[in-house]
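Each value in this text was obtained by applying a stated rule to the coordinates, not by laboratory testing. The shown structure was predicted, so the numbers you read here are calculated from the model rather than taken from an experiment. Quick reminder, even Gly has a Cβ in these numbers, built from the backbone with ideal geometry, and neighbours come from all protein chains shown.
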Amino acid sequence: MSLETLEVMLRRQFEAADGRPLSFIFQGGEPLLAGFGFFARLVELVEELRSPSQPISLSVQTNGILIDDQWARLFADHNFLVGVSLDGSAALHNAYRVDLGGGGTHQRVLAGIQTLKTHRVAYNLLTVVQAVNVTHAAEVYRYLKDEIGATYLQFIPCVEVRDGKPIPASITPQQYTHFLEELFEQWMKEGYGKISIRLFDSITNALYNDQPGSCILEKACAKALVVEYNGDVYPCDFYVAEGELLGNFHTHTSAELMAAPVRLRLETEKGQLPEPCHTCRHQQLCYGGCPKYRHINGILGRGEADYFCPAFLALFDRLVPIASEFVARVLWNEASPLERTLLFGLAQLGKNGASGVTLSGLRRWLSESGERNSSSETELLFRPELLFRPELLFRIPSADQCQEALNALVARRVLTRSAQRFTFRNRVLPEWIERTVEEMLGNQALHT
Ligand code: SF4
Ligand code: SF4
């Protein structure tokens, strides 16, 4: 990419963002081949174009072999997040990653990582799960964590089709299923969430706030633009191909590129779920996976679902119950007394099966319900003891408790009427809340 194209792209994107957060990720091929001067100019332009408080995130995905002190200083000074590709120990990594002389690059990658560490650059490791390392999940995980000392890991399964057949480095869905199972076991040995694995984090994020942070688990495909060296723009790096071109930054604004029919088509394609997903128990978490992997599955004559669907299903079945319990604790700890009351009320209403309760959703609903309901009804919701003491509804031992029982009924009615849109993904969160409240009631903690 020329400096001119870089500048045009940045100017267009900053203009469109108008002070909102922006994220730029440089990947290749090998992006550091663009040269140090390219990245020095990039950070200069970013400083020039950003508004004072605008959050900017800069990342680079590299094979690591060119990283020296000069690069590492630039990354540290400008808060780059550096993703380094490393597929495991030397034998596993060098199987597919060789330099121009034909030698494995493992040693040089390790030197690059060490330089990043010396300069305290934030880095993560990206491991391509390919035909050689796929049967060594535990070994790969232990190597990256114990030998390299990495705490942020990302695993990308490899499948590419040429002439109707998977290339030799490709893995099968069954291999990936076993890989994830073994990885999950190793990961759980550390304790839930101690090491960051992007896919596992994304599942937890989705359960927590409906924002997985990974396009494969989003409802729609990423709203990102992929820019080629000459300024051509595509909707996703899986869709850099003839017929998928959105336009070019030299001739189109960011808004025009975002509105291009090709991009809008891809965005909706993810939501057009293939038949096997219609009845899937994890549909609201996975949203059918990745359209590209569905396409590959079709070419290989394996059906319409995502090629890696069996691996997702097995992982979701294992991880979701544990992640849901973790999310329940976080939600409960972050919730205000009123929000806890509502969570408890919703848990008792007990609907499940759709997109899930989030704190941000609850907060939105609270502010809306303040506007919708009469003030006396809304006030009742601010009396947690009414919902925390369901016995008031059924046992009215004395006349002065009669009014409280009526209040409790009204509070419940408001909750029932207004909370139609809240459902639980599974029974873990409501059951956890009910258990917790029972313990609190037992300890009289609610009344102190
Ligand atoms: S896990 Fe499989 S069946 Fe379920 S939504 Fe995802 S791709 Fe579809
Ligand atoms: S096609 Fe796949 S990789 Fe591309 S944005 Fe959609 S889900 Fe993500």
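Details
- Cross-link pairs exceeding 32 Å between alpha carbons, from the set Lys194/Lys223; Lys165/Lys223; Lys117/Lys189: none present.
- Where trypsin sites (Lys or Arg not before Pro) fall in DSSP loop in the stretch 261-290, at most 16 other Cβ within 10 Å: Arg281
- Each peptide in 157-168, 139-150 was scored by the mean count of other Cβ atoms within 10 Å over its residues; highest first, the order is 139-150, 157-168.
- The stretch 221-330: Rg to Rh, with Rh as the Kirkwood radius over Cα pairs: 1.08
- Protection proxy ranking, peptides 75-82, 198-205, average beta carbon neighbours within 10 Å, highest first: 198-205, 75-82
- Size of the stretch 181-272: Rg and Dmax of its alpha carbons, in Å, are 17.2, 53.
- The stretch 39-166: Cα Rg divided by the 2.2 N^0.38 Å rule of thumb: 1.19
- Packing here is the average count of other Cβ atoms within 10 Å per residue, and on that basis the peptides 299-306, 178-185, highest first, run 178-185, 299-306.
- For the stretch 22-121, the set of trypsin sites (Lys or Arg not before Pro) satisfying both a DSSP loop assignment and a count of at most 12 other C-beta atoms within 10 Å is given as Arg120.
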